[in-house]
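Encoded as structure tokens, the structure appears first; notes follow it.
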Amino acid sequence: MGLIAFLKTQFIVHLLIGFVFVVSGFIINFIQLCTLLLWPINKQFYRRVNCRLAYSLWSQLVMLLEWWSGTECTLFSDQAAVDKFGKEHVIIILNHNFEIDFLCGWTMTERFGVLGSSKVLAKKELLCVPLIGWTWYFLEIVFCKRKWEEDRDTVIEGLKLLADYPEYMWFLLYCEGTRFTETKHRISMEVAESKGLPKLKYHLLPRTKGFTTAVQCLRGTVSAVYDVTLNFRGNKNPSLLGILYGKKYEADMCVRRFPLEDIPLDEKEAANWLHKLYQEKDALQEKYNQEGIFPGQQFKPPRRPWTLLNFLFWATILLSPLFKFVFGIFASGSPLLILAFLGFVGAASFGVRRLIGVTEIEKGSSYGNQEFKKKK
């Protein structure tokens, strides 16, 4: 094992990476709070500033995927679609099967220059999560309770506010509403059978309200819908912890572009269009499982240096005073100070682990287990 590979497995190194991410995140959140003064003066300037502040935080996670673990992301698409990536407002539909599916999506937004302006329809609980939810709040992310009767007006209002967004925006939708598990899949397919819908093998039944509402509210702003089907070679099931330990994965993403004018205006017809799309996604997953490859041309957009340079910038600023501080504590010889410091390290380790836990499938919500039953 080489020195770099050895360092990637060390807890103290992970703690330092977590320290840089968390402290820089709080600094960024504070700056974002100050930028609220810009909103009544120049809303578009406020948005551009916050896109770059969000990029400075999210790109640290992308750095872990691209530079720390060396994970490769290959696109399967066509040249006409790839030529438009990063040059238009779009809605992204991504399957929700893996702990790091969001991170693979982010690395594609980074390579096409829209990471800072990427959006998502997020569950309201994330608004209370430091760094993640707070950064999204300043980015005008649309939060919902996942109860359509209560969410409808909030979602419509939030989407309409994005109609004049100045940066190219990729709006991500997990139409399944929650991550795939065997229990949720079984319940979902019971609902599909009760509604006379074709069963899916690799996906949950898509929830159509969020999609049809997004299409209606963003029509005239969004140019297309990108359907993204993600899989990992070797039947791997990667995790954020695996990335932190430097494990390298190979992600394949099949991307299909659908012009927005091809999607029906009528809500019911648009919902049927989405169900048909998920049947096609299921067929793509089946093909991948059988052949180990998606159809289409292969593209490997080059990784850019900015994620690495951004992390090195924050690491230089934050780690130098930290090392001086730690050296001073141990040089003092005070048992009380040393114990207090070790207690702080333990608390910091717990906090970082809780942040990572947000991405873990087994710690996900029971939303799919309960809400699908209600639909029956």
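The values are calculated or read from the model by the stated rules, or taken from the named source; none is laboratory data. No experiment lies behind these values; they were computed from the predicted model shown. No Cβ is skipped: glycine too gets one built from the backbone with ideal geometry, and neighbour counts run over all protein chains shown. SASA here: full protein model, heavy atoms, side chains in, ligands and nucleic acids out. Shrake-Rupley method; radii C 1.70, N 1.55, O 1.52, S 1.80 Å.
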Margin query: Would the stretch 49-181 count as rounded, prolate or oblate if I go by the C-alpha gyration tensor, calling it rounded below 1.5 in a/c and otherwise prolate when a/b exceeds b/c, oblate otherwise?
Written below: rounded
Next item on the list: With the full set of protein chains in place, find how many percent of the accessible area of the stretch 1-142 is carbon and sulfur; take the probe as 1.4 Å.
Entry: 72 percent
Next item on the list: Tell me which residues come under 5 Å, amide H to amide H, from Ala224 once H is placed; ignore anything under 5 positions away on its chain.
Entry: Ile91, Leu260
Margin query: Just want to confirm a number: the relative contact order over the stretch 178-278, from Cα pairs under 8 angstrom separated by 6+ residues, in percent.
Written below: 30 percent
Checklist line | DSSP-defined beta bridges in the chain - what % are antiparallel, rounded to 5 | finding: 40 percent
Item checked: On Cα atoms only, tilt of 43-63 relative to the major axis of the chain in degrees -> 70 degrees
Item checked: Spatially proximal aspartates and glutamates relative to Lys195 (Cα-Cα < 17 Å; intrachain offsets below 8 disregarded) -> Glu176, Glu269, Glu371
Next item on the list: Pull up the DSSP beta bridges for the stretch 196-333 and report the antiparallel fraction as a percent, rounded to 5.
Entry: 90 percent
Next item on the list: Given a cut-off of 25 Å, name the pairs among Lys123/Lys300; Lys248/Lys324; Lys84/Lys119; Lys147/Lys287 whose C-alpha atoms lie farther apart than that in the structure shown.
Entry: Lys123/Lys300; Lys248/Lys324; Lys147/Lys287
Note to self: Give me, ordered by chain and number, the residues 5 or more places off Glu176 or on other chains with an amide H under 5 Å from its own placed amide H.
What the structure shows: Arg207
Notebook entry, point to check: Tally Lys and Arg at +1 and Asp and Glu at -1 over the other residues with C-beta under 12 Å from the C-beta of Lys124: what net charge comes out?
Noted result: +1
Checklist line | Among Leu131, Leu197, Leu172, residue whose mean-square fluctuation peaks in a GNM of the chain (springs only between Cα atoms under 10 Å) | finding: Leu197
Margin query: From the alpha carbon gyration tensor of the chain, can you work out the equivalent ellipsoid semi-axes (sqrt of 5 times each eigenvalue) and give them in Å, largest to smallest?
Written below: 36, 24, 21
Note to self: Could you give each residue of the stretch 304-312 its phi-based ³J(HN,Hα) in whole Hz, using Karplus coefficients 6.51, -1.76, 1.60 with θ = phi - 60°, and x for Gly or Pro?
What the structure shows: 9, x, 5, 5, 5, 5, 5, 5, 4
Notebook entry, point to check: Taking the Cβ of Glu250 as the center, what net charge do the other residues with Cβ under 10 Å away carry, scoring Lys and Arg +1 and Asp and Glu -1?
Noted result: +1
Notebook entry, point to check: So which aspartates and glutamates can Lys43 reach, going by Cα to Cα under 20 Å and dropping same-chain residues fewer than 8 places off?
Noted result: Glu140, Glu157, Asp164, Glu167
Notebook entry, point to check: When the chain is treated as a GNM, springs tying every alpha-carbon pair under 10 Å, which of Cys73, Cys217, Cys128 comes out with the largest mean-square fluctuation?
Noted result: Cys128
Checklist line | Helical contribution to [θ] at 222 nm, DSSP H n ≥ 4, -39,500 (n - 2.57), averaged over the chain, rounded to 500 | finding: -17000 deg cm²/dmol
Checklist line | Residue-wise HN-Hα coupling along the stretch 270-276, computed from phi with Karplus coefficients 6.51, -1.76, 1.60 (Hz; x: Gly, Pro) | finding: 5, 5, 5, 4, 5, 4, 5
Check: Which whole-Hz ³J(HN,Hα) couplings does the stretch 116-126 yield from phi under the Karplus relation 6.51 cos²θ - 1.76 cosθ + 1.60, θ = phi - 60°, glycine and proline marked x?
Finding: x, 9, 5, 10, 7, 8, 10, 6, 4, 4, 5
Margin query: From the protein chains alone at 1.4 Å, what is the descending order of accessible area for Glu250, Glu280, largest first?
Written below: Glu250, Glu280
Notebook entry, point to check: Given H placed 1.01 Å from N in the peptide plane, which residues other than close sequence neighbours of Val142 have an amide H under 5 Å from its amide H?
Noted result: Val120, Ala122
Notebook entry, point to check: Helix 101-111 versus the longest principal axis of the chain: what angle, 0 to 90°, nearest 10, using Cα atoms?
Noted result: 80 degrees
Margin query: Given axes a ≥ b ≥ c from the Cα gyration tensor, I'd like to know whether the stretch 151-273 is rounded (a/c under 1.5), prolate (a/b larger than b/c) or oblate.
Written below: oblate
Next item on the list: Determine how many Å³ per residue the convex hull of the Cα atoms of the stretch 266-319 encloses.
Entry: 198 Å³
Margin query: Nearest 10 degrees is fine. How inclined is helix 148-161 to the longest principal axis of the chain, computing both from alpha carbons?
Written below: 80 degrees
Note to self: For the chain, set up a GNM with springs between Cα atoms under 10 Å and report which of Ala224, Ala163, Ala214 has the largest fluctuation.
What the structure shows: Ala163
Notebook entry, point to check: Please state the relative contact order of the chain as a whole percent: Cα pairs under 8 Å, 6+ residues apart?
Noted result: 26 percent
